[in-house]
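Data block below; observations after.
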Amino acid sequence: MGRDKLLLPVPPKGVPLVLHVVERLLPIADHAFVLANDAKICAALRRRGTCGSNLEMESARSRVRVDCIADDKSNQGPLGGLATGLRRVEGWALAVAGDMPLVSPNVCRHLIELADDDCDAVVAAVNGRVQPLHALYHRRCLPAVESSLAAGALHMDSFLGDIRVRAIEGETVRPFDPDLHSFFNANTPTEWDEAVALLSRG
């Protein structure tokens, strides 16, 4: 991208991308953690008056706390971030990458509805690709995540074979997101332009 994509301004309000993603998911959240090792990201949230404060919401859930924290251990990538987050929850946690500007709360609600005691994670596969950074994890996953980290296996899917995964096909979420835009990552300037164009359509 050539610059920190999580701080890219999302039109029309110009809010940082990371805050935009958080705000899209607030209606389904009880408590949100932003895992960020870059102090500039947490600073951007604080400037918006969100980090570590209660957010007013328009949904039935009136307030949601948002905390921006660094990984417990550095240089462990997104998997280390997942471990950091799971250590702070007692049950289920939704994990979403910060570069998914079109993430859909309806898709995430569907993942939540599929969660029960017979699985440790609910993970979708879109076009044959597993989406571990748009998935639901129970704290029960933590030992497997920590084992992978200890072995130096930092890929987000490195521990999935050691837990009970409820795998779903992307096609099953089309009723909630017909074009599967919820799983769209903005990794390049071209993809960012495409995301902005899609957002402008509502």
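Taking segment 116-136 as the range and being modelled with pLDDT under 95 and in a loop (DSSP other than H, G, I, E, B) as the test, the residues that pass are 127, 128. Exactly one residue among 103, 66, 96 is crowded, with 16+ Cβ neighbours inside 10 Å, at pLDDT below 95 and closer than 19 Å to residue 24 by Cα, and that residue is 66.
Is it true that residue 184 is of a type in the set (Phe, Trp, Tyr), out of contact with any Ser or Thr (no Cβ under 7 Å at 6 or more places or on another chain) and farther than 14 Å from residue 106 by Cβ? Taking the combined requirement at face value, the residue satisfies it.
For segment 137-175, how many residues meet the condition of being hydroxyl-bearing (Ser, Thr, Tyr) and modelled with pLDDT under 95? Spell out the reasoning first.
Of segment 137-175, the ones hydroxyl-bearing (Ser, Thr, Tyr) are 137, 147-148, 158, 172.
Filter again for modelled with pLDDT under 95, leaving 172.
The total comes to 1.
Against the conditions (1) at pLDDT 90 or above; (2) part of a loop (DSSP other than H, G, I, E, B); (3) of a type in the set (Lys, Arg); (4) closer than 19 Å to residue 92 by Cα, residue 73 satisfies every one except (4).
Taking residue 99 as the residue in question, decide whether it is without any contact (Cβ under 8 Å) to a residue 40 or more places away in the chain and in a loop (DSSP other than H, G, I, E, B). Give the steps one after another, and end with the answer.
Numbers: without any contact (Cβ under 8 Å) to a residue 40 or more places away in the chain: no; in a loop (DSSP other than H, G, I, E, B): yes.
Judged against the criteria, residue 99 is not a match.
Residues in segment 1-36 that are more than 20 Å from residue 185 (Cα to Cα) and part of a loop (DSSP other than H, G, I, E, B) were compared, and the one that is modelled with the lowest pLDDT is 13. Within segment 174-202, if we keep just the residues that are under 17 Å from the mean Cα position of the chain (by Cα) and part of a helix (DSSP H, G or I), the residue that is nearest to residue 134 (Cα to Cα) turns out to be 183. In this entry, residue 108 is excluded by the filter for residues that are in contact with a Cys (Cβ under 8 Å, 6 or more places away or on another chain), crowded, with 21+ Cβ neighbours inside 10 Å and outside any loop (DSSP other than H, G, I, E, B).
The values are calculated or read from the model by the stated rules, or taken from the named source; none is laboratory data. Everything numeric here is computed off the predicted structure, so don't read it as measured data. A quick note on method: Cβ atoms are made from the backbone with ideal geometry, for glycine too, and the neighbour counts reach across all protein chains shown.
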